[in-house]
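The structure appears right after this line, and notes come after that.
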Amino acid sequence: MALLSLCILSASVLFILHLFSDSIDLSQPSDIGLNHTLNIYLEPEEGVRVGVWHTVPEHRWKEAQGKDLDWYEKALGDGSPIFIYLHGNRGNRSAPHRIGIANVLSAVGYHVLALDYRGFGDSTGEPTEAGLCTDVLYLYHWVKARSGNSLVCVWGHSLGSGVATTTAVKLLEQGNQFDGIILEGAFLNARMETNKLTEHPFTWFYWKFPYIQYFLFNPLKNKDLNLPTDENLQKIRTPLMILHAEDDHLVPFASGQEIYRTAKKAQNSDERVKLVQFDASLGYLHNGLYKDPGLPDIIREFVQSLMT
């Protein structure tokens, strides 16, 4: 009886947190303190509108105050590296750990475009594997049309890692490529991992009661996903950095190790493929890498390697 009560309490808390997350007006990032961020809506296909937050480098914070879309679009051409951020399997671009990564990248001096795929957040449309990749491809080309010769990289977290590598392969087929790829808490294959992936700032509830994820707040529940990162890495020759916590309770650290071995063998290089592991004693789990004080230097070193 006590266990049942605890389960009901956990589900109730999750429901309240979900309602709170949905109560945020994603069109107004300044309402949650993101004063150098502009909300944008793009239309990758007819009838589909996706929301994107564009955060400019932190050193342009004062300059960005009150600026409109035209200013932000022109800012993409200022020569600063650009990251397209692809989040995981639930919630939206306002989740604290996603804002945390955007703030780290901005502080280092980079632009961040954080996308809510179709069906997530305030983005319209039905989320499918093809649709998710279409959204990212559209954003990539939209950025490239405005960014001149700036580096354009992609950061995929959790489910977003599969979207990142699948999109990278599609870009190669078009004769394009990301300048760099960072995979955080990445899995090998969505067919193996989709039912394990959980995204929420309070993921310990899911850790203790993992069955809850099958019922709550999952736009991709029951979707037929593949997103074969293991297969994609056989084709990708883009510089790659893998970030993974040893205590990741949703995607085991062994997944990051296998991704590293696969990519290193495919690229036949110790320089173009890096694995950065975060000790279990740090307690970062699946969503906490943004807290690491050494992360800015890790990212900066990777990006500088892309310029040589």
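Laid out as a table, the results:
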| item | result |
| --- | --- |
| Residue within segment 234-241 that is closer than 19 Å to Gln177 by Cβ and charged (D, E, K, R) present | yes |
| Segment 167-187, residues that are in a helix (DSSP H, G or I) and of a type outside the set (D, E, K, R) | Thr167, Ala168, Val169, Leu171, Leu172 |
| Hey, Asn222 on the phi > 0 side of the Ramachandran plot, out of contact with any Gly (no Cβ under 6 Å at 6 or more places or on another chain), surrounded by fewer than 16 Cβ atoms within 10 Å (Cβ to Cβ) and at pLDDT below 95 or not | yes |
| Residues (open to solvent by less than 30 Å² (accessible area, probe 1.4 Å), out of contact with any Gly (no Cβ under 8 Å at 6 or more places or on another chain) and either assigned to a loop (DSSP other than H, G, I, E, B) or hydrophobic (A, V, I, L, M, F, W, C) (or both)) located in segment 100-129 | Ile101, Ala102, Val104, Leu105, Val108, Gly109, Tyr110, Val112, Leu113, Ala114 |
| Selection status of Ala145, hydrophobic (A, V, I, L, M, F, W, C), out of contact with any helix residue (DSSP H, G or I) (no Cβ under 6 Å at 6 or more places or on another chain), at pLDDT 95 or above and open to solvent by 10 Å² or more (accessible area, probe 1.4 Å) | yes |
| Cross-chain or 6+ apart pairs with Cβ under 6 Å, segment 248-266 first and farther than 13 Å from Val276 by Cα and part of a helix (DSSP H, G or I), then of a type outside the set (Asp, Glu) and open to solvent by 50 Å² or more (accessible area, probe 1.4 Å) | Ala266/Gln234 |
| Test: residue in segment 149-167 that is open to solvent by 10 Å² or more (accessible area, probe 1.4 Å) and within 21 Å of Lys264 (Cα to Cα) | yes |
| Boolean, Asp135 is touching a strand residue (DSSP E or B) at 6+ places or on another chain (Cβ under 7 Å), acidic (Asp, Glu) and buried (at least 23 other Cβ atoms within 10 Å of the Cβ) | yes |
| Selection count where residues are under 19 Å from the mean Cα position of the chain (by Cα), part of a strand (DSSP E or B) and surrounded by 15 or more Cβ atoms within 10 Å (Cβ to Cβ), scope segment 38-91 | 16 |
| Qualifying residue in segment 278-286 (condition: touching an Asp or Glu at 6+ places or on another chain (Cβ under 8 Å), touching a residue at least 60 places away in the same chain (Cβ under 8 Å), on the phi > 0 side of the Ramachandran plot and open to solvent by 20 Å² or more (accessible area, probe 1.4 Å)) | yes |
| Ala164 within 18 Å of Lys235 (Cβ to Cβ), part of a helix (DSSP H, G or I) and out of contact with any helix residue (DSSP H, G or I) (no Cβ under 7 Å at 6 or more places or on another chain) | yes |
| One residue from Gly33, Gly51 being closer than 22 Å to Phe83 by Cα, at pLDDT below 95 and among the small types (Gly, Ala, Ser) | Gly33 |
| Subset of segment 146-170 (residues that are under 23 Å from Gln304 (Cα atoms) and hydrophobic (A, V, I, L, M, F, W, C)) | Leu151, Val152, Cys153, Val154, Trp155, Ala164, Ala168 |
| Residue count, segment 232-263 (criterion: of a type in the set (S, T, N, Q), in contact with a Ser or Thr (Cβ under 8 Å, 6 or more places away or on another chain) and open to solvent by 30 Å² or more (accessible area, probe 1.4 Å)) | 1 |
| Extreme residue, nearest to Asn287 (Cα to Cα), among residues of segment 125-175 that are without any contact (Cβ under 8 Å) to a residue 24 or more places away in the chain and among the hydrophobic types (A, V, I, L, M, F, W, C) | Ala130 |
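The values are calculated or read from the model by the stated rules, or taken from the named source; none is laboratory data. From a predicted model like this one, the values you see are computed outputs, not experimental measurements. FYI the Cβ positions are ideal-geometry reconstructions off the backbone, even for glycines, and counts take in every protein chain you see. Surface areas here come from the heavy atoms of the whole protein model, side chains and all, with no ligands, DNA or RNA. Shrake-Rupley method; radii C 1.70, N 1.55, O 1.52, S 1.80 Å.
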